[in-house]
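Peer 1: Just passing along the structure, written as structure tokens.
The values are calculated or read from the model by the stated rules, or taken from the named source; none is laboratory data. Please read these numbers as outputs of a predicted model, since none were measured by experiment. In this analysis, Cβ positions are derived from the backbone assuming ideal geometry, glycine residues included, and neighbour counts consider all displayed protein chains. Heads up: the accessible areas ignore ligands, DNA and RNA and are worked out on the full protein's heavy atoms, side chains in. Shrake-Rupley method; radii C 1.70, N 1.55, O 1.52, S 1.80 Å.
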Amino acid sequence: MDETTENKETTEPVLPVRSDIKLLVVDDRDDNLLSIETILDKDGYLIRKANSGRAALRTLLKEDDFTLILMDVQMPDLNGFDTATLIYERDKLKHIPIIFITANDYGDESVFKGYQMGGVDYIYKPINPDLLRAKVAVFVELYTKNHQLMAQEQKTALANRQLEKEILEKIKSEEKVISLNKQLLENIERLKRSNEELERFAYVASHDLQEPLRKITLFSDRLAKKYGALLNDEGNDFVGRIFKASQRMSMLIKNILSFSKSSANSDDYEETDLRQLIDGILSDLELSIEQKKAVFYIGELPKLKIIPSQFRQLFQNLIINSLKFSREHIQPEIFISAEIVSNRQLAGLPVDLHQENYCNIYFRDNGIGFEQKYADEIFTLFKRLNSYDKFEGAGIGLAICKKIVEQHSGFITAASNIGEGTTFTISLPMKTPVSAPVTVPG
């Protein structure tokens, strides 16, 4: 490599080593490894170094608990992209984000390839120490908060499993059953409080990320406006990328806030005409529908006791999803219908046996579809089956849909084939009589 890393003198105090935060730095030049280590040492991270792709793979065979990998792209024998491919072939390593470091300004195709390999960001040489520390700090922060949430979820899941075991063991004794029922109610209340705390935590965490992001957006915009004429095309391109990346991050944070706030109270439920709800959404999305030249076929829909604001978001997310993932040169067709089914017709699904009937609401389209093996994964937070360059989005919309349906004691499933469209089925227990007949159009 021809270019070295810039390293600024600093008087900042060096923090004690944080053994829980491990970084792997990969570069074929020892001076670059030393420079990056010097920049990040002051933040107290535990840093491992590898002077080649193969050396990095050997390190990862012994240690798989890294928080982040910083990897040079241009290395002899095994470059950064190929090394990333080999890393992510191991399931234990797929959770580790990779930031590529390069002295070259790759075109969009090569940059896209890096993201396909699993990279989450790029840093260009000569490295700006403040930018490097800021980017690493963001991913370390996300890693820390994510592990805190996972630990809390595991603790809650363990408590639930232990309680279920106790119920099975003590079910023969009436007094013990009454005692366990009381414990179960207490555990449910603790779980409710825990979920509320997790939601508040996600809200605060996302809110705290917005302030530095606003500054990045603000100052990159000022830089473009005030000094754009002094920068060459490459400089303006870099500033533009920073601005666009900050906008995408802002959208992601807003979606996280939306997800964390999608909770429910019993007082929020109202008997709602689903057809009127759909008509209002179609009116709001009129411009997008006209641009796509989409056609809607809507059967009879019932009135149900639901939370209108949440179901409006649920239906809107599903309609936007169908419009977004339509096929090129094929007019989008979206079918919305409903029917009443018995719990016996929902074999294999987590039905409530005390609820004899369910209302199934169907959203079917003729879009690009996906492989059926991903039918459960698409409802996972941040899960994307397509690249951001082709289809925008943060991978949160369907996770919100699942959360809303589950808050209504129902469940949502997806059936799809590539090139044949997708059908989303929302199944809700009929706790109150349906107020209008429902049919499935032929």
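Peer 1: As an exercise, use a Förster radius of 35 Å and the Cβ-Cβ distance of Gln148 and Thr423 to find the FRET efficiency, rounded to the nearest 0.05.
Peer 2: Working from the Cβ atoms, E equals 0.40.
Peer 1: Can you give the charge dipole size of the range 26-167 about its Cα centre, rounded to the nearest 20 debye, using +1 on the beta carbon of Lys and Arg and -1 on the beta carbon of Asp and Glu?
Peer 2: 440 debye
Peer 1: Could you check how much of the accessible area of the range 23-67 is carbon and sulfur, as a whole percent, using a 1.4 Å probe?
Peer 2: Summing carbon and sulfur atoms, their accessible area is 46 percent of the total for the range 23-67.
Peer 1: Using 1/(1 + (r/R0)^6) with R0 = 25 angstrom and r between the beta carbons of Gln276 and Gln355, what's the FRET efficiency to the nearest 0.05?
Peer 2: 0.50
Peer 1: Quick check: pseudo-label points 7 Å beyond the Cα along Cα→Cβ at Glu174 and Arg161, how many nm apart are they?
Peer 2: Result for the modelled spin labels: 3.4 nm.
Peer 1: Obtain the nm distance between the two label points defined at Asp31 and Asp77 by a simple spin-label model: each point lies 7 Å from its Cα along the Cα-to-C-beta direction.
Peer 2: So the label points at Asp31 and Asp77 sit 2.2 nm apart.
Peer 1: Quick one: go through the range 46-62 and flag any residue whose amide nitrogen is under 14 Å from the point 7 Å out along the Cα-to-Cβ line of Glu89.
Peer 2: Residues 54, 57-58, 61 fall inside that zone.
Peer 1: Follow-up. Please give, to one decimal in nm, the separation of the simple spin-label points placed at Leu346 and Lys113, each 7 Å out from Cα toward the Cβ.
Peer 2: The answer from the label model is 4.9 nm.
Peer 1: What full-extension length gain, to one decimal in nm, is calculated for Ile320 and Glu63 as 0.36 nm per residue of separation minus the Cα-Cα distance?
Peer 2: Additional length available on full extension: 88.3 nm.
Peer 1: Could you compute the net charge surrounding Glu286? Neighbours are other residues with a C-beta less than 15 Å from the C-beta of Glu286; K and R count +1, D and E count -1.
Peer 2: Neighbourhood net charge equals -1.
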